[in-house]
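Participant: After the structure tokens below, expect a handful of questions from me.
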Amino acid sequence: MIPPSPPPEMRRDLWRQWFGTPVTALVSLISAAVALYVTWALLDWAVISAVSPTQPMEDCARASGACWRFYLEKSRFMLFGTYPYAEHWRPALVSALLLALSALVGLRITGRLRWLRPQMLVALWAGVIPLAFVLMGGGAGGLPAIDMSRWNGMPVLLILSAIAIALAFPLGVALAVLRHQTRWPVLRRAAIIYIEGMRGFPMVTVLFVGVFVLPLTLPPDTRISPVIATLIALVFFHASYFAEDVRGGLQSLPDSQHEAAFSLGLSWGKTMRLVLLPQALSRSLPALVNSVIGAYKDTSLVVVLGIHDLTSTARMAFSEPGWGQFALEAYAFVGVWFLLSCAFLSWVGRELHRKQSRNSH
């Protein structure tokens, strides 16, 4: 059955949109030509001129396309770095748990998985976070102890992004409430100073303070791993941005909500917890998703501290003698990963925007 053609009015609208004026027509033709060129270049590099995983590495030296054999040889190193090979199941399990839990949160806030209550998600995070550190570090339950200096690749990226965001969010909500309220002026001013001060520093500065200054404030003979110090710095840094997103949601609420709650005899705490915060969080979710995407991508800056996340292990994979020509393959691996994960987060943001648009009409 031949599908019906679009009505003439729709065809005319599309023509005007793409070729309505000479300038629009020129931009459309240039965009189409660039898109075709990029698509062909990617297809040629990834498929036509590529070396398949079954071919020997020697063939890659003569090929102009991707060397898929490189991924077969180096994928585990890029994912887990110098973590002991025989124990790779541990960082793989930690990565799977953090990814699955992050996906559950994303699906839940878009309105899916309604059976999954927020209390259940909090309980899952409370259980998965310590479990991740036990699995990675070992020394308990018969697991061999692995020093944090050998925590590399994907699990480090997820620990410093997913766990940092999960811990920064409740702190950000608390800061937003303290800054929004007027009952305790001292706490309000302290929250303002903290939020504005933290947002005024570059993230790299905060990371350096966490790794090099924080250990100096601890008691003598107290050792803190750079991974833990970086995690603490990221939590306090991201919390200031989450606080402003949530405060924007609180300020968007009409005063009648607050007055109605007080007329019902609710205390300030119950008013905030039962009436204002749920609405504010719902309104600020798109902004929070945007902050989460930025926080997730900015985690790759930890490479300046000598912490080997996924970007760093990818660079290490082609830094060995004889592998220097495969830098494009290594960084393509990282780029595809960030593209897919950020695409999921962007989809969550679009779903929230669409949901709010439906509710406003």
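Participant: Where in region 64-171 are the helices (runs of 4 or more DSSP H), entirely inside, with at least 2 residues that are out of contact with any Phe, Trp or Tyr (no Cβ under 6 Å at 6 or more places or on another chain), closer than 30 Å to Ser52 by Cα and free of Cβ contacts under 8 Å to residues at least 12 places away in the same chain?
Facilitator: Of the helices (runs of 4 or more DSSP H) lying wholly inside region 64-171, those with at least 2 residues that are out of contact with any Phe, Trp or Tyr (no Cβ under 6 Å at 6 or more places or on another chain), closer than 30 Å to Ser52 by Cα and free of Cβ contacts under 8 Å to residues at least 12 places away in the same chain span 89-109.
Participant: Name the residues in region 244-296 that are in a loop (DSSP other than H, G, I, E, B) and on the phi < 0 side of the Ramachandran plot, would you?
Facilitator: Ser252, Leu253, Pro254, Leu264, Leu266, Ser267
Participant: Determine if region 238-249 includes at least one residue that is more than 20 Å from the chain's Cα centre (by Cα), over 23 Å from Leu288 (Cα atoms), open to solvent by 30 Å² or more (accessible area, probe 1.4 Å) and touching a residue at least 60 places away in the same chain (Cβ under 8 Å).
Facilitator: Looking through region 238-249, none of the residues is more than 20 Å from the chain's Cα centre (by Cα), over 23 Å from Leu288 (Cα atoms), open to solvent by 30 Å² or more (accessible area, probe 1.4 Å) and touching a residue at least 60 places away in the same chain (Cβ under 8 Å).
Participant: Right, something else. What tally of residues in region 102-122 results from selecting those that are within 22 Å of Ile228 (Cα to Cα) and surrounded by fewer than 18 Cβ atoms within 10 Å (Cβ to Cβ)?
Facilitator: Qualifying residue count for the region: 1.
Participant: Show the residue pairs that are 6+ apart or on different chains and have beta-carbon atoms under 8 Å apart, the first residue being within region 22-39 and of a type in the set (Lys, Arg), the second being surrounded by 10 or more Cβ atoms within 10 Å (Cβ to Cβ) and in a helix (DSSP H, G or I).
Facilitator: Close Cβ pairs satisfying both conditions: none exist.
Participant: With among the β-branched types (Val, Ile, Thr), in a helix (DSSP H, G or I) and touching a Pro at 6+ places or on another chain (Cβ under 8 Å) as the only criterion, which of Val235, Val211 stands out?
Facilitator: Val211
Participant: To continue, here is another question. Tell me the residue from Gly322, Gly294 that is closer than 14 Å to Cys342 by Cβ, out of contact with any Leu (no Cβ under 9 Å at 6 or more places or on another chain) and not acidic (Asp, Glu), please.
Facilitator: Exactly one residue qualifies, and that residue is Gly294.
Participant: Testing Pro226 on (1) surrounded by 15 or more Cβ atoms within 10 Å (Cβ to Cβ); (2) under 24 Å from Pro170 (Cβ atoms); (3) under 30 Å from the mean Cα position of the chain (by Cα), one condition comes back false. Which one is that?
Facilitator: Just one mismatch for Pro226, condition (2).
Participant: If you don't mind, there's one more thing I want to ask. I'd like to know if region 281-293 contains one or more residues that are without any contact (Cβ under 8 Å) to a residue 40 or more places away in the chain and either buried (at least 18 other Cβ atoms within 10 Å of the Cβ) or farther than 21 Å from Val105 by Cα (or both).
Facilitator: Scanning region 281-293 turns up at least one residue that is without any contact (Cβ under 8 Å) to a residue 40 or more places away in the chain and either buried (at least 18 other Cβ atoms within 10 Å of the Cβ) or farther than 21 Å from Val105 by Cα (or both).
Participant: Moving to a separate point now. Is it the case that Arg188 is touching a helix residue (DSSP H, G or I) at 6+ places or on another chain (Cβ under 9 Å), more than 26 Å from Ala126 (Cβ to Cβ) and surrounded by fewer than 18 Cβ atoms within 10 Å (Cβ to Cβ)?
Facilitator: When the stated conditions are applied, Arg188 passes them.
The values are calculated or read from the model by the stated rules, or taken from the named source; none is laboratory data. Given the structure is predicted, the values throughout are model-derived calculations rather than measurements. Positions of Cβ are generated from backbone atoms using ideal geometry, with glycine treated the same way; all protein chains shown enter the neighbour counts. Remember, those area values only see protein heavy atoms, side chains included, never the ligands or the DNA or RNA. Shrake-Rupley method; radii C 1.70, N 1.55, O 1.52, S 1.80 Å.
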